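Bear in mind these aren't lab numbers, they're just calculated from the coordinates by the rules spelled out. Since we're looking at a predicted model, the values are computed, not measured. Counting neighbours? That spans all protein chains shown, and the Cβs are built from the backbone with ideal geometry, glycine included.
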There are 4 protein chains.
Amino acid sequence: MDSSPTPDDPLLQARRTAEAMFDDDRASRALGITVASIAPGRATARMRVTAAMVNGHAIAHGGYIFLLADTAFALACNTHGVTVAGAAEIVFVQPARERDDLIAEAVERVRFGRNGLYDVTVRRGDGAVIAEFRGHSRQLQTRQG
Amino acid sequence: MDSSPTPDDPLLQARRTAEAMFDDDRASRALGITVASIAPGRATARMRVTAAMVNGHAIAHGGYIFLLADTAFALACNTHGVTVAGAAEIVFVQPARERDDLIAEAVERVRFGRNGLYDVTVRRGDGAVIAEFRGHSRQLQTRQG
Amino acid sequence: MDSSPTPDDPLLQARRTAEAMFDDDRASRALGITVASIAPGRATARMRVTAAMVNGHAIAHGGYIFLLADTAFALACNTHGVTVAGAAEIVFVQPARERDDLIAEAVERVRFGRNGLYDVTVRRGDGAVIAEFRGHSRQLQTRQG
Amino acid sequence: MDSSPTPDDPLLQARRTAEAMFDDDRASRALGITVASIAPGRATARMRVTAAMVNGHAIAHGGYIFLLADTAFALACNTHGVTVAGAAEIVFVQPARERDDLIAEAVERVRFGRNGLYDVTVRRGDGAVIAEFRGHSRQLQTRQG
């Protein structure tokens, strides 16, 4: 009982805000993206590369790699209240292939004023880096608990 | 007859290389992306925002905006031979909504050595800017005609 | 007389705001940077690469190329009122050398809300591209004429 | 004696390559930039903001913040042999002021083929973040010991 989270437990609140966003994100769920973990300023999301995401050589379209990273970024920055993605950069390190299980781990780098900067690394199941993403967020409203 | 393109007509060759790439790009075609125009160093692609691309508020996932821009970029840089996207940056100017017809216009900014830099503007049908994208390409092999 | 600018002539106002900023910019002036032209959303600045800006092989430090581009960007975005640089990307196309006369031309790409995006190309006197820069601005206050 | 580095000690080699680059970098040294530490894939550089680096409000020109970050980046990536900066992004978190002692810490994020990606955080002496920089390097030749 003592260990049960209080109404303003930061971890619980972070999860609630991010999960509300994800429940609303039909696009990510339609692609089979799942949330692996959420904590304040952090989130991990997974996606399997399907036949619909690849070209004739079974290499994933870079847009889907970006999409997975962007979803993890949105989950992480929404743990601080309602935020929007203003901009992002991505570096494609190596191709992903059909049936690869990809894991995108988003970590807050810095927050200042209503702005935030998040680094997302997309890895294959065996740990090999597929892409490095950096997202710029902007908070729309403060969280009211 | 005189006006028929010769085997090494640059416009024809650009189209052939880019179209071969697009034929191979099942991911883009599965999303209903179509090619509107191709010329050396330039390409325009279209996509309608579908229900599968949006969240519960009918706003398109940024990942799909990126994907459209990335496809136009790939078409434009492949007019110079087989190239790969090494990195990209995107700025989200305003949200796109379900049923919006989006047009991504990619224009080569500079090429140097085997590298290229392309600017892509994503617009709604009425001309309003949705996103600005900049892609970094790297040529894998020279075109041999 | 009819052609004399009125107090709220946009070109005149753009110049005044940007020139006030530049007069204040001791850092840029100390490097010998000069303003070649200013118009709403546009500016051109020049800099000669000096011995203090290069390494032992007489190649300019990339930081000085960035600095020139950043100055042209600041001039261009300040034609719309007091703005600050929030972020920037630069691609180094080829090295500049001691005694090269560099010209940075900044052009507004898009403005939305209080945000702006500017493209700056840095060229050598002979027109060769040295760097491509993209700056993200944010307006602090609206101009009150 | 046993602990003395062997000729191919990686730490020693990293230092030698980076220090050779820095000795050659007259531009950085002319600004009073000093190297605080070097290890394979990592480097820390310091710079005091001088009167020549600021505007009339004693706020440092963003170009000098970039220059310091770029120098730390160059030191870090040159620990792997001769590399060049191909591109970089910077986010300005808060202004630096005259007489601030700035510390730029560069850390390798990923290397792939001849490419590398480095994150550089610029902090004030009290630890406050001034800027976040990400640099893209490309190796020109392999190190031959």
What is the order of D:Ser37, C:Ser137, fewest Cβ neighbours within 10 Å to most?
D:Ser37, C:Ser137
Say a label goes 7 Å from Cα toward Cβ at C:Arg97 in every copy; what distances in nm does this one have to the rest, shortest first?
4.4, 4.7, 5.7
Tell me the distances, shortest first, between A:Thr50 and the same position across the other copies, using label points 7 Å along Cα→Cβ, in nm to one decimal.
1.1, 6.1, 6.2
at C:Arg114 the sorted inter-copy label distances (label 7 Å from Cα on Cβ side), in nanometres, are 0.7, 4.5, 4.6
How large is the charge dipole for region B:10-139, taken about the Cα centre, if only the Cβ atoms of Lys, Arg (+1) and Asp, Glu (-1) carry charge, to the nearest 20 debye?
200
Which ³J(HN,Hα) values, rounded to whole Hz and listed in residue order, are derived for region D:50-61 from phi using the Karplus coefficients 6.51, -1.76 and 1.60 in 6.51 cos²θ - 1.76 cosθ + 1.60 with θ = phi - 60°, glycine and proline given as x?
9, 4, 6, 9, 10, 8, x, 9, 6, 9, 5, 4
Given labels modelled 7 Å from the Cα in the Cβ direction, how far is it in nm from A:Val110 to B:Ala58?
4.0
Report D for the protein assembly as shown in µm² per second (integer): Stokes-Einstein, Kirkwood Rh on Cα pairs, 25 °C, 0.890 mPa s.
99
Fewest-first ordering of B:Leu31, D:Leu11, D:Leu75 by Cβ atoms within 10 Å yields D:Leu11, B:Leu31, D:Leu75
Tell me which residues come under 5 Å, amide H to amide H, from B:Ala58 once H is placed; ignore anything under 5 positions away on its chain.
none
Residue mean of other protein chain beta carbons inside 10 Å, D:81-87
5
Point-charge dipole on Cβ atoms (K/R +1, D/E -1) for the protein assembly as shown, about Cα centre, debye to 20
0
In order through region A:71-87: 3J(HN,Hα) via Karplus (6.51 cos²θ - 1.76 cosθ + 1.60), integer Hz, x for Gly, Pro:
5, 4, 4, 5, 4, 5, 6, 6, 5, 9, x, 6, 10, 10, 7, x, 6
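Across the residues of B:23-30, average count of Cβ atoms on other protein chains within 10 Å?
Values: counts 2, 5, 6, 9, 14, 3, 1, 6.
Average per residue, whole number: 6.
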Nearest 500 deg cm²/dmol is fine: what mean residue ellipticity at 222 nm does the protein assembly as shown get from its DSSP H runs of n ≥ 4 alone, each adding -39,500 (n - 2.57), divided by its residue count?
-7500 deg cm²/dmol
Share of Cα-Cα pairs in region C:8-125 beyond 17 Å, whole percent, is 53
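When only Cα pairs under 8 Å and 6 or more residues apart are kept, what is the percent relative contact order across chain A?
24
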Can you sort B:His57, B:His80 by how many other beta carbons sit within 10 Å, fewest first?
B:His57, B:His80
